[in-house]
Structures are given as C-alpha cells and as structure tokens.
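Student: Right, I'll just put the structure down here and ask away after.
Computed from the coordinates by the stated procedures, all read-outs in this text should not be read as laboratory data. What you see is a predicted model, and the numbers here were worked out from it, not measured in a lab. FYI the Cβ positions are ideal-geometry reconstructions off the backbone, even for glycines, and counts take in every protein chain you see.
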Amino acid sequence: MKQRRLNSLEEKASYIRKEVVSISVTNRAGHIAPSLSCVDILVALYHGAMKYKPDNPNWDGRDRLVFSKAHGCYALYAILADRKILPKKEWHSFYTEESTLLGCMERRLEYGLEAGCGSLGHGLPIAVGIAYGAKLQGKKYNTFCVVGDGELQEGTTWEALQFAVKHEISNLIIIIDSNRLQAMDFIVNVLDREIKDKVKKLKGFGLTPKVVHGHKPGQILKFINKAKLSSGKVPKVIIAETIKGFGLKCMENVPRFHFRIPTEQEIAMGESYASLKSNIKNKKSK
Ligand SMILES: [Mg+2]
C-alpha cells in the first residue's frame, strides 16, 4: 500500500479522534475511552474494507457492520458523519436534547446503524444471523462485527461462534478491539488472561485468529482485505491490539476513564494523535 494512502488513513483517524473528544467533552458524554480505542478499526472499515453507498445506506448489496461494543459508538457516529451517511447536525448535537442518537446505539438503517447492541455479547449472535441469512440467500456481501475484548466473557459470543463454525459461515469477519480493559478494570483482574490465551481459545473453536497492531489503520485494512480473499470455510477473526483511550495522554490505559469526562487540566496533558500527525509531516519532508 502506498505511503501516501497509509498517511491519509492515519490523518483520518486523527481527525475522527479530535471529533470524538471535542463533541463528547462539549456535550458532556462520558464513553470517550472505549470509543477512542476502536477508531483505527473503523477507519479501515469505512476507508477501503467495506462496500457501501453513502447516498443510499439501505442499498441491499452493502456490507453489514454490527458494532457490538456499542458504548464505543461515538467513534462510529463520528465516522458515519464524516462519510455523510449520518447528518453532521445529529452527531454534533449528540447527547443533547436536539439529537435523536442514543448513548448506546439503536438500529437505524437510514443512518447506517445495522443493529442495536447496548447489552454486551449480543452483537456477534446478530452478525452470525445476518451472515447466515446472506449465505442461505446467495447474497454476495460480507458481514463485519466489532466486539470488545471484555465482551468475550459473555457465553452468547461462544455459542454464536460454535454455530458459525458448524455452519461454515465464511462471509463473516470478526474484529476484536483488544484494549485489555473492561469497564473500570483490567481484564486480567476480572476473568480472562492474556491475548495468547484468547488466541488459544479461539483456535480451540476451529478459528485462526490473526493479531494486528490496532492503531495502524493501513495494517488493519491489509489484514481485512486478506481475510476477505481467504478461501477458509469458517469466520475470520482479527485481534486488534489497542489502547483504551488512545489519543488523549491522560486517558490511555487508565481504568477510571471508562465513563469519565476529562478536565481542562487533564486535556492539557496532551494528545497522542497530534504527535502522530507531526511524525507524518516529518516523514513527508524528508
Ligand atoms: Mg475492552
């Protein structure tokens, strides 16, 4: 992939992060950190991986995205607004009385939102159902599902995977936002263990997960495109290693920021995406 394209994906991710932080802080919406960890995944999906028509969100041939970690939907709203699928006015008034968008998203096809997923562990079963329906009907689109790593504790996730493997649902691509945190604590302190154990568990279910850097949208896109072309009979799984709160230095890997709005002093600690942007400029000027 050309360097210019990679840079533009990273710049897009920086822009989306700025949008998420600015709208959330202004409108006092709290789920900023879980939104920031999945920005690069969404940039890869909406800038190359998925088929869709911004002027016709209901187009039957579109790829479906079930965004299971719905509390991180601020990032999805920001990118849908940037892609002109969701009206900017709705996104910019999010969390105020003027907006009809919910804090955990609901199904609204006119805005490109395929499924309501407020209760964690429900998105993957929905995605499996959509993908299975497409397979039975001979439809050509893919179904994508973004799940949180904390969600993997839900039994419904594993039931859905068993079904998907048994019925050879290969038109499903699952991307795990593996930020190692769930709500207000690190996952290792609650139930699950390290990524290698997740990989082992998924392999035990007949899957072949691939681990990717979760803040390099170009790399994520490459992995997704490879997964799309692969001839395997089962769903493809990508584990994106991310940092919860990535972009705001005060927030990165800090459990108490799961649902907390940073103060002015905390914001003044700086932004990771600003330094990322300056790195890109340095590379260009060489
Ligand atoms: Mg998590």
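Student: If we sort 195-203, 180-188 on the protection proxy, mean other Cβ atoms within 10 Å, highest first, what's the order?
Tutor: 180-188, 195-203
Student: Okay, moving on. Determine the relative contact order of region 137-284: mean sequence separation of Cα pairs under 8 Å and six or more apart, normalised by residue count, in whole percent.
Tutor: Details: 201 pairs, mean separation 36.9, N = 148.
Relative contact order comes out at 25 percent.
Student: Okay, moving on. Enumerate the calculated ³J(HN,Hα) couplings along region 116-133 in order (Karplus 6.51 cos²θ - 1.76 cosθ + 1.60, θ = phi - 60°), each rounded to whole Hz, writing x wherever the residue is Gly or Pro.
Tutor: Karplus-based 3J(HN,Hα) across region 116-133 equals x, 9, x, 7, 5, x, 9, x, 5, x, 5, 4, 4, x, 5, 5, 5, x Hz.
Student: Using 0.36 nm per residue of separation minus the Cα-Cα distance, give me the extension gain between E194 and D60 in nm, one decimal.
Tutor: 44.3 nm
Student: Which three extents, in whole angstrom, do the alpha-carbon atoms of the chain cover along their principal axes, largest first?
Tutor: Extents along the principal axes, in whole Å: 52, 47, 44.
Student: Taking H as built 1.01 Å from N, whose amide H comes closer than 5 Å to the amide H of E271, not counting residues under 5 places away?
Tutor: K249
Student: Pull up all non-local amide H partners of Q182: gap of 5 or more, or a different chain, and H-to-H distance under 5 Å with H placed in the peptide plane.
Tutor: I187
Student: HN-Hα J couplings of region 77-86 from phi, Karplus 6.51/-1.76/1.60, θ = phi - 60°, integer Hz, Gly and Pro as x?
Tutor: 4, 4, 6, 5, 5, 5, 7, 6, 8, 9
Student: Mind ranking 123-132, 229-238 by how tightly packed they are, going by the mean number of other C-beta atoms within 10 angstrom, highest first? Display every interim value, and only then the final one.
Tutor: On the way: 123-132: 23.9, 229-238: 16.5.
Going by the mean number of other Cβ atoms within 10 Å, highest first, we get 123-132, 229-238.
Student: Using a Gaussian network for the chain with springs between C-alpha atoms less than 10 Å apart, which of these wobbles most: I224, I175, I23?
Tutor: Per the Cα network of the chain with a 10 Å cutoff, I23 tops the list.
Student: Past 19 Å, Cα to Cα: identify those pairs from K88/K228; K139/K233; K140/K233; K166/K201, in the order given.
Tutor: The answer is K88/K228.
Student: Can you sort M269, M251 by how many other beta carbons sit within 10 Å, fewest first? Could you put the intermediate results ahead of the total?
Tutor: Values: M269 12, M251 25.
Ascending number of Cβ neighbours within 10 Å: M269, M251.
Student: Sticking with this one: Can you compute 3J(HN,Hα) from phi for each residue in region 152-167, using the Karplus curve 6.51 cos²θ - 1.76 cosθ + 1.60 with θ = phi - 60°, rounded to whole Hz and x for Gly and Pro?
Tutor: In residue order, the calculated couplings are 5, 6, 6, x, 4, 4, 6, 4, 4, 5, 4, 5, 5, 6, 4, 9 Hz.
Student: Shifting gears a bit: Of the listed peptides 214-221, 89-96, 55-62, what is their order by residue-averaged count of other C-beta atoms within 10 Å, with the highest listed first?
Tutor: Top to bottom by mean Cβ count within 10 Å: 214-221, 89-96, 55-62.
Student: For the chain, what is the percent of antiparallel DSSP beta bridges, rounded to the nearest 5?
Tutor: Rounded to the nearest five, the antiparallel share is 15 percent.
Student: While we're looking at this one, here's another question. Which cross-chain or sequence-distant (5 or more) residues have an amide H under 5 Å from the amide H of I238, H modelled 1.01 Å from N in plane?
Tutor: Distant-sequence amide H within range of I238: I174, I175, I176, K210.
Student: Going by a ≥ b ≥ c, the root eigenvalues of the Cα gyration tensor, does region 7-81 fall in the rounded group (a/c under 1.5), the prolate group (a/b larger than b/c) or the oblate group?
Tutor: On the way: a/c = 1.99, a/b = 1.53, b/c = 1.30.
Taking the square roots of the gyration eigenvalues as a ≥ b ≥ c, region 7-81 is prolate.
Student: Kindly provide the helix-only [θ] at 222 nm of the chain, computed as the sum of -39,500 (n - 2.57) over DSSP H runs of four or more divided by all residues, to the nearest 500 deg cm²/dmol? Mind showing how you got there, number by number?
Tutor: Working: 12 runs with 124 residues, N = 286.
So the helix-based figure for the chain works out to -13000 deg cm²/dmol.
Student: Report the relative contact order of the chain, percent, no decimals, based on alpha-carbon pairs under 8 angstrom and at least 6 residues apart.
Tutor: 22
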